[in-house]
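First comes the structure, then the notes that go with it.
A short reminder: the numbers here are calculations on the coordinates, not readings from a lab. Remember, it's a predicted structure, so these values are computed and weren't measured experimentally. Counting neighbours? That spans all protein chains shown, and the Cβs are built from the backbone with ideal geometry, glycine included.
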């Protein structure tokens, strides 16, 4: 993984000093609350329902075991002993004290971490495919490019006060696991006719109040122009994006208003005009960053059959929670943060330390976070899988449900977030209780359930095969259901609302009815979302809104 | 009175806004962009120094033909969330090669100065009541930078040795 040099270290160290001074001035009353708000948000610090919330950046989801141990220590010493992994591959703490945040940032800086630009109207954490570097279908590793973009975006003098937040994702596989089509900018690694690596550039995708799939504005962008072209996009957005209405300020609104074709012309014109002043990404810099992402020293191993003769539990876990690796004899292991009693994405200090130990012992000392709120040990020898499984099972991180309905994404919701309209954690618990039979879950198969507690869509509900959106109806929590969304690759789509929202306690029953329709209608090995696309919303709608005595 | 920082020092302001000095007795006047557009020809031969004050939606490229005559561009900020002025300064300095003073005016706050200076601002009007004691250190908040910009400093390109 990328290791800081002296420059990188100075940036985070000086950021700590800067924020310590800002906090001191705020507490002393010489820095106005509104100004401090804009500044603390740039360090990921929100003032939430019960306490501040601190969001720590995990660039493209990659962490060294040493960093994970530090996250555990912070959870223990500055929070209530747990952290929450978010859909941006970051980790959030829900109970730090404002005055201790500079100390937390200092601890983070000591292990080459930070909270820079994890919030606020600036360029946010750059995300990537969580199987980067190990996926068999990968064209090129997106992480060096993410790191280059991270550095370019950090404290950018011109683009640190944008109309609204700005999210970039990079993916290196045709099967887009980074949801690049629903980002402000999505970069897909491609090859041109001459076989050279470059980027397909998408712009203006997003979720939130105006969910929309991004538009391709460049079919092939050469690596040397990557930062120059991003500069051009950001400059057009910084000058043209709306600042009069926070809900219309994202780049997608600008792209929609002028039209993707016109937007493309504007960016191309800006790109051409700025050739003399734009940054050039040199081969030397690309090589320098790439040198940090060389593959680990894999052993020469053969794929082996580790499931024959193994018990059902291990077999289930192997099938659901491990993935094919590009190197023979290895598997990638998904560490499930979705066991029934656990709020999705939550992990305790002790669990984090155990995962760090497992990473050291079995996976080259690295841990990844995923945008669907799990962790990954990416390089586990197949011969070690049983040991890893047992160790994870002992700490409740081996729930064999990855990719199933209970591997759901959920934002923290009304329990913790001051933006939320409705709770998500209760609903997640109810769903877990209702769908507690693994055989039934396996029969249902791959199903992405995504839940947000408000329109801001941190839980990505629009792109769930089943999406659940919490809404407030005269002070009561209700839930709107969408079907048929998808975040990935060629079939990225936004879900269709099935009808009026349902009451909190009716959510599990509603899901049950949706699943019944699917099980009755599916053909062969169709996934839920495939069946939905084939038969449309009507049969689902009819069942969900049928009176109880006719629904069965 | 706002406090003026120029070249990292607090200095007395030798410029006046035209509305504060309608008779033009002062020898350095700042004229709002719209009025400058309308009255450009009549001011051209006036024997004092001229500056133009622009808002976030004013197009800096319109000023390029005026660089022989104007020696200051004041860029307005309505608050910490207003970010267009950074691009305006960047374009003035780097694309259009304006060499006069670029001044940040309006609600300018200490913690913006580092970014502003890197975009080409060299003068800053801090509003009344601003905490002047801590302002001058803002330029040194960071000793290293990742981006190429008008100021000397480490950046991607130099770091890569080209």
Convex hull volume of the stretch A:134-290 per residue (C-alpha atoms, cubic angstrom)
117 Å³
For residue A:456 and residue A:33, what is the calculated FRET efficiency with R₀ set at 30 Å and r taken between the beta-carbons, to the nearest 0.05?
0.85
Ascending count of other beta-carbon atoms within 10 Å, so fewest first, for A:251, A:431
A:431, A:251
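Percent antiparallel among DSSP beta bridges with both residues in chain B, to the nearest 5? Before the final figure, lay out the partial values.
On the way: 7 of 27 bridges.
Looking only at bridges with both residues in chain B, the antiparallel portion is about 25 percent.
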For residue A:312 and residue A:524, what is the calculated FRET efficiency with R₀ set at 22 Å and r taken between the beta-carbons, to the nearest 0.05?
0.35
Based solely on its DSSP helices, what 222 nm [θ] is calculated for chain A when runs of n ≥ 4 H residues each add -39,500 (n - 2.57) and the sum is averaged over all residues, nearest 500 deg cm²/dmol?
-11000 deg cm²/dmol
Taking Rh as the Kirkwood radius computed over alpha-carbon pairs of the stretch A:6-110 and applying Stokes-Einstein at 25 °C with viscosity 0.890 mPa s, one gets a diffusion coefficient in µm² s⁻¹ of 173 µm²/s
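Send over the semi-axes of the stretch A:312-394's equivalent ellipsoid, whole angstrom and largest first, taken as the square roots of 5 times the C-alpha gyration tensor eigenvalues.
Working through the eigenvalues yields semi-axes of 19, 14, 12 Å.
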The distance between the Cα centres of the stretch A:493-552 and the stretch B:99-114, in whole Å, is 57 Å
Of all DSSP beta bridges in chain A, what percent run antiparallel (nearest 5)?
80 percent
Within the P(r) computed for the stretch B:31-102, what percentage of the Cα pairs occupies the region above 19 Å?
29 percent
Residue-averaged [θ]222 nm for chain B, counting only DSSP H segments that reach four residues, each worth -39500 (n - 2.57)
-5000 deg cm²/dmol
Value of D in µm² per second that Stokes-Einstein yields for the stretch A:409-550, Kirkwood Rh from Cα pairs, at 10 °C (1.306 mPa s):
105 µm²/s
Give, to the nearest whole percent, the P(r) tail of the stretch A:62-160 beyond 18 angstrom, counting all Cα pairs.
55 percent
With N denoting the number of residues in the stretch B:1-57, provide Rg(C-alpha) divided by 2.2 N^0.38 Å, to two decimal places.
1.22
When chain B is treated as a GNM, springs tying every alpha-carbon pair under 10 Å, which of B:69, B:93, B:103 comes out with the largest mean-square fluctuation?
B:69
Taking only Cα atoms, what is the 0 to 90° angle, nearest 10, from helix B:33-44's long axis to the longest principal axis of chain B?
60 degrees
Could you work out the per residue convex hull volume over the alpha carbons of chain B, in cubic angstrom?
118 Å³
Taking springs between alpha-carbon atoms closer than 10 angstrom, which of B:77, B:142, B:121 fluctuates most in the Gaussian network model of chain B?
B:142
Rounded to the nearest Å, what's the spacing between the alpha carbon centres of the stretch A:171-191 and the stretch A:305-374? Just the number, please.
24 Å
What are the extents of the Cα atoms of the protein assembly as shown along their three principal axes, in Å, largest first?
94, 59, 57
